[in-house]
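One structure below.
The values are calculated or read from the model by the stated rules, or taken from the named source; none is laboratory data. Treat the numbers as computed from the prediction; the structure is a model and nothing was measured. Cβ: placed from backbone, ideal geometry, glycine included. Neighbour counts: every protein chain shown.
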Amino acid sequence: MVNSQRITSEQLRSRYWFDNPDHPGTTALCIERYLNYGITLDELTSGKPIIGICQSGSDLTPCNRHHIDLVKRVKDGIRAAGGVPFEFPMHPIHENVRRPTAALDRNLAYLGLVEVLHGYPLDGVVLTTGCDKTTPAALMAAATVNIPAIVLSGGPMLNGWRGAERVGSGTIIWELRKRLAAGDIDYAEFLSRASDSAPSIGHCNTMGTASTMNSMAEVLGMSLPGSAVIPAPYKERAMVSYDTGTRIVDMVWEDLRPLDILTREAFENAIVACSALGGSSNAPVHINGIARHAGITLDNDDWQRLGHEIPLLANVMPAGAFLCEEFYRAGGVPAILHELQTAGKLHGSALTVNGRSLGDNVQGRETQDPDVICRYNDSLVDHAGFLNLKGNLFDSALMKTSVISRDFRERFLNDPSDPDAFEGKVVVFDGSEDYHARIDDPALNIDAHTILVMRGAGPVGHPGGAEVVNMQPPEALIKQGIESLPCLGDGRQSGTSGSPSILNASPEAATGGGLALLESGDRLRVDLKRCKVQLLIDASELEARRERLAQQGGYRYPGHQTPWQEIQRSMVEPLDRGMTLIPAAQYRDVARQHPPR
Ligand code: FES
Ligand code: MG
């Protein structure tokens, strides 16, 4: 239920800065400098809510750049509802370009946003999101600070096309790399075809990490219903920006805060919806991380327990055939939630930013196109959620089962005595440079039954955790028509990849995880039914390897390149625990517990 006890203007947080007669000097200093660009004394002192707008768009973050225009409508909405908008920047995070990886900046942007929300005269905030890590960074900060907050996605790009063929962002790159390796296309055609996937402003038009995480924000109840996947150029995108602006002002008066919304029920809804969406394998990392900051324990066992049985309903790349423009027209996130609600799989009473329950919001929002958003009982794939695999090398690793291809099933899951298990000889790589240097070396003897292993790619081994586990087979195999091999690793993979890798293995090699003990030529057994991955050697041999590694000083990984890399590596949790900063997760509701000093 929404808090019916509306607060008074005397209770606004911003009064501490702008109406504090006990400290006339500091109050005057706060006020006078905002006047210098034309804000009036009346706006600052007459009891209007001061609303921050966290601007995540910039020339460096093109996926979110559209927010530079959208923010005008957000401000219109805030003013129409009686608030005063203050726009400020978020640390840029661009998934494709940031090196060594954009995930390194999720926690950095989070820290910066926490300080801004805590330390400035803001009564509420609009969090503009889009590209992959901008959404979790914003939600994590909202949970920590807990001032009224609402998420506004910038929306996906329009569909990409090549002739009559859909071209999905990210997903096309994985396909083209194989075509290039097989010699079917040259570099110029590679670039030309890749650019077909990005026809307009907006973030990735596939159900990659960006569309997944913005959908998750809506499912969690943190953005207006139906807003997550409105394509960036559509007029509805500007309209919902205005509505978001008006709504945040009411949320301040209602004292409706993130921790009222980010409950255990909301996170369980997110897990269920992520399976139905065929969402990114990065979602468990981010959702578990947001939950930690909200004070809720969520782990990969929860993902399997709640999510694995859920069928795939969204026929969107990489798990399906369409793109987000069609997904929006078919009903978007509300239509997915409607199916899940009808099937009894949702906590419909979970509260959302519009003050209504998730269940109420999706009443009557049936799919408009069952080819794109399927009915629950006529789904694309049964049991489409993640499996949480364990064994003698790691405590947790995820496998996205919705993308296991027929070819993969026939080659690896074809043991009549145990159709869910396969064995293979491993070839081990230490980071992506090692992989690129050696993958085509014939001496590795990689064949159709090899399991490729990537280690040194977790948040410590490769600062932020690298999206490199979905490794392409050697060119020679691709030319023979073998386009994928099972992959396992302690890093992540792109949300736009359709590879059924075993990824996010935690703990990682760099922090004492068992992948560090693996040697090329070892045999692994993967048993999907029992969720087990076992290295097939004696326990005594494994122990001897562990001792040898300890004597050598542990698993080696490259040194730090920047201060932040060193800081994050010294205090980051493993991927299964959300890759959060250990000290940060202890801070909660800081806006109320610690009046700004
Ligand atoms: Fe930014 Fe995909 S690269 S959304
Ligand atoms: Mg990525």
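Look at region 481-498: where a residue is touching a residue at least 60 places away in the same chain (Cβ under 8 Å) and a partner is among the aromatic types (F, W, Y) and within 16 Å of ligand 2 (Cβ to nearest atom), sitting 6+ places away or on another chain with Cβ atoms under 9 Å, you get S494/W174; T496/W174; S497/W174; G498/W174. Applying the condition of being in a loop (DSSP other than H, G, I, E, B) and within 40 Å of the chain's Cα centre (by Cα) to region 18-39 and asking which residue is surrounded by the most Cβ atoms within 10 Å (Cβ to Cβ) yields D19.
Can you spot a residue in region 524-546 that is of a type in the set (S, T, N, Q), touching an Asp or Glu at 6+ places or on another chain (Cβ under 9 Å) and either in a helix (DSSP H, G or I) or closer than 30 Å to N445 by Cα (or both)? Yes, there is a match, as at least one residue in region 524-546 is of a type in the set (S, T, N, Q), touching an Asp or Glu at 6+ places or on another chain (Cβ under 9 Å) and either in a helix (DSSP H, G or I) or closer than 30 Å to N445 by Cα (or both). Given the criteria within 16 Å of ligand 1 (Cβ to nearest atom) and not hydroxyl-bearing (S, T, Y), does D105 qualify? Against the criterion (within 16 Å of ligand 1 (Cβ to nearest atom) and not hydroxyl-bearing (S, T, Y)), D105 qualifies.
Among the conditions (1) outside any strand (DSSP E or B); (2) at pLDDT 80 or above; (3) charged (D, E, K, R), the only one that K425 does not satisfy is (1). Considering (1) in a helix (DSSP H, G or I); (2) β-branched (V, I, T); (3) more than 28 Å from the chain's Cα centre (by Cα), the lone condition that I7 does not fulfil carries the number (1).
Filter region 92-132 down to residues that are away from ligand 2 (no atom under 15 Å from the Cβ) and without any contact (Cβ under 8 Å) to a residue 24 or more places away in the chain and give me whichever is farthest from L29 (Cα to Cα). Across region 92-132, the extreme among qualifying residues is G112. Within the option set S211, S241, S197, S169, being more than 16 Å from ligand 1 (Cβ to nearest atom), buried (at least 24 other Cβ atoms within 10 Å of the Cβ) and closer than 17 Å to G130 by Cβ holds for one residue only, S241. Suppose we filter region 133-174 for residues that are within 16 Å of ligand 2 (Cβ to nearest atom) and of a type outside the set (G, A, S); how many remain? Counting residues in region 133-174 that are within 16 Å of ligand 2 (Cβ to nearest atom) and of a type outside the set (G, A, S) gives 10. Across region 207-248, the number of residues qualifying as more than 16 Å from ligand 2 (Cβ to nearest atom), out of contact with any helix residue (DSSP H, G or I) (no Cβ under 6 Å at 6 or more places or on another chain) and among the small types (G, A, S) comes to 1. Only one entry of T45, T61 meets the criterion of being over 17 Å from D105 (Cβ atoms) and either within 16 Å of ligand 1 (Cβ to nearest atom) or among the hydroxyl-bearing types (S, T, Y) (or both), and that entry is T45. Any residue that is under 25 Å from I271 (Cα atoms), at pLDDT 95 or above and touching a His at 6+ places or on another chain (Cβ under 9 Å) - is there at least one of those in region 230-237? Taking every residue of region 230-237 in turn, none turns out to be under 25 Å from I271 (Cα atoms), at pLDDT 95 or above and touching a His at 6+ places or on another chain (Cβ under 9 Å). Among the residues of region 555-562, at least one is assigned to a loop (DSSP other than H, G, I, E, B) and of a type in the set (F, W, Y). Filter region 430-486 down to residues that are in a loop (DSSP other than H, G, I, E, B) and of a type in the set (D, E, K, R) and give me whichever is surrounded by the most Cβ atoms within 10 Å (Cβ to Cβ). Of everything passing the filter in region 430-486, E483 is surrounded by the most Cβ atoms within 10 Å (Cβ to Cβ). When only residues in region 214-238 that are surrounded by 24 or more Cβ atoms within 10 Å (Cβ to Cβ), away from ligand 1 (no atom under 16 Å from the Cβ) and of a type in the set (A, V, I, L, M) count, which is nearest to Y328 (Cα to Cα)? Here the answer is V219. Restricting the first member to region 208-231 and to residues that are closer than 21 Å to V249 by Cβ, and the second to residues that are within 16 Å of ligand 2 (Cβ to nearest atom), the beta-carbon pairs closer than 6 Å and six or more apart or on different chains are A217/T135.
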